[in-house]
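Have a look at the structure below, then the notes.
The values are calculated or read from the model by the stated rules, or taken from the named source; none is laboratory data. What you see is a predicted model, and the numbers here were worked out from it, not measured in a lab. Heads up, the Cβs are rebuilt from the backbone with ideal geometry, glycines too, and the neighbour counts pull from every protein chain shown.
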Amino acid sequence: MTTRRKTAKKTKAAKKTTKKATKKSTKKSTKSTKKAAKSRPSARRSPRAALAVATSSKESSPRRIAALQEVPLAVCENDENLNSLLNILRDRNEPIKVRLAALQSIQAASFSVIAFESCRPDYLAALREVVDDPDPELRQRVLGILARENDSYVQQRLLDGLQNPAKALVPPEKALQLLSYDVHAESYSVARDIVDNPPNPDAKREALRILAADPNSAPVFEKLLTDKDESREVRQISAAALQATKPRRFQERARQMLLDKDEYDDIQATALTALTQFGDKEVGQDQELMKQVDKLGKGKSAKVKKTARRFLMRYKA
């Protein structure tokens with residue numbers, strides 16, 4: 001009997017412990033459910049309600065910006081929606097962060113190409129009105145969008161700014177980058193002038209990148225490539241451009257640079273890489289050049305040694 005009573009007591013105690021653990025677990029689960037419910041975002045408002053907040057000057061900028069993130073799908077539902085956002089974009093009295101958010105919202109809507117097609121003319125027209133905006137960030141974003149659209153108005157404005165700095169909308173190097181989306185003959189002429197008389201090193205490099213597609217600019221690249229007083233980057237850009245436009249002339253110049261004991265290591269490495277990838281059979285038959293590259297492969301420069309080995313692997317095979 002004594003043993004049975006003890007067993008019954010133990011069973012009863014075990015049941016009580018299980019009940020307490022279950023209650024605690026239930027309480028914890030209820031609390032975590034409540035916390036999760038609180039942390040869940042509230043249901044998104046309708047695009048119309050978001051648009052009402054976005055266009056209200058009585059609302060704070062953060063609320064308007066948050067609302068503008070919700071309206072892209074509603075932008076082209078009707079002319080009124082589109083115009084309300086374009087008005088924000090154009091209005092210089094609006095907070096700049098709100099204007100930038102409006103631009104981003106319309107740009108997001110434009111990714112739905114078919115739905116946005118009817119809105120595109122008004123959108124591009126509004127962007128052209130903003131290219132002179134005093135805020136540099138907004139101005140640059142707008143110019144970038146129009147440049148990627150190959151907009152002739154913006155291309156001409158950028159060229160005007162390069163020819164007359166007083167009319168410049170952006171720094172010259174940025175203007176050249178934007179013009180590179182759709183290069184015309186007039187762009188080549190302006191780029192050559194900038195190479196001859198650069199306002200800064202960045203502008204010179206961007207001008208050279210534009211000229212890289214112009215076969216008539218090969219003499220410019222040949223001259224720069226062989227000028228040891230030029231920066232390494234300018235010479236490397238020139239090497240790539242000359243190889244692309246006049247491969248035979250580049251091969252001749254590359255040979256001269258490799259035979260020149262006073263040439264810079266990184267320029268010789270550039271020449272070796274280009275000849276390894278694009279050189280013709282004559283390169284491997286040039287005994288003087290092959291002996292020189294063999295010496296370079298045993299030299300001090302790790303970069304030159306590596307490219308020299310690749311060169312020899314190709315032409316000695």
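Determine whether residue 92 is modelled with pLDDT of 80 or more, in a helix (DSSP H, G or I) and within 30 Å of residue 130 (Cα to Cα).
No, not satisfied.
For the stretch 230-250, does any single residue satisfy the condition of being among the hydroxyl-bearing types (Ser, Thr, Tyr), part of a helix (DSSP H, G or I), under 29 Å from the mean Cα position of the chain (by Cα) and at pLDDT below 95?
The answer is yes; a qualifying residue exists.
Do we have residue 257 as assigned by TED's automatic domain parsing to the domain that holds residue 224, at pLDDT below 95 and part of a helix (DSSP H, G or I) here?
In short, no.
Could you tell me which residue of the stretch 245-263 is farthest from residue 279 (Cα to Cα), considering only residues that are of a type outside the set (D, E, K, R) and surrounded by fewer than 16 Cβ atoms within 10 Å (Cβ to Cβ)?
259
Looking at the structure I just gave you, is residue 120 without any contact (Cβ under 8 Å) to a residue 12 or more places away in the chain and among the basic types (Lys, Arg)?
So residue 120 fits the description; yes.
I'd like to check something: does the stretch 249-256 contain any residue that is within 27 Å of residue 200 (Cα to Cα) and acidic (Asp, Glu)?
no
Does residue 295 qualify as being without any contact (Cβ under 8 Å) to a residue 60 or more places away in the chain, part of a helix (DSSP H, G or I), touching an Asp or Glu at 6+ places or on another chain (Cβ under 8 Å) and surrounded by fewer than 15 Cβ atoms within 10 Å (Cβ to Cβ)?
Against the criterion (without any contact (Cβ under 8 Å) to a residue 60 or more places away in the chain, part of a helix (DSSP H, G or I), touching an Asp or Glu at 6+ places or on another chain (Cβ under 8 Å) and surrounded by fewer than 15 Cβ atoms within 10 Å (Cβ to Cβ)), residue 295 does not qualify.
Test residue 283 against the stated conditions and say whether it is modelled with pLDDT under 95, assigned to a helix (DSSP H, G or I) and surrounded by 20 or more Cβ atoms within 10 Å (Cβ to Cβ).
no
Looking only at the stretch 261-280, which residues are in a helix (DSSP H, G or I) and of a type in the set (Asp, Glu)?
265, 266, listed by residue number.
List every residue pair whose Cβ atoms lie under 7 Å apart, where the two residues are 6 or more positions apart in sequence or sit on different chains, the first residue falls within the stretch 78-99 and is assigned by TED's automatic domain parsing to the domain that holds residue 118 and surrounded by 15 or more Cβ atoms within 10 Å (Cβ to Cβ), and the second residue, located anywhere, is outside any helix (DSSP H, G or I) and not basic (Lys, Arg).
Close Cβ pairs (under 7 Å, with a partner that is outside any helix (DSSP H, G or I) and not basic (Lys, Arg)) amount to 81/75; 82/75; 82/76; 82/119; 84/55; 85/75; 88/55; 88/94.
Considering only residues that are touching a Ser or Thr at 6+ places or on another chain (Cβ under 6 Å) and hydrophobic (A, V, I, L, M, F, W, C), look in the stretch 195-234 and name the one that is farthest from residue 162 (Cα to Cα). Break it down into steps so the answer makes sense when it comes.
Just the residues of the stretch 195-234 that are touching a Ser or Thr at 6+ places or on another chain (Cβ under 6 Å), to begin with: 210-211, 215, 218, 221, 224-225.
After this cut, where a residue has to be hydrophobic (A, V, I, L, M, F, W, C) as well, the list is 210-211, 218, 221, 224-225.
On the way: 210: 14, 211: 15, 218: 22, 221: 21, 224: 22, 225: 25 Å.
For the stretch 195-234, the residue satisfying everything is 225.
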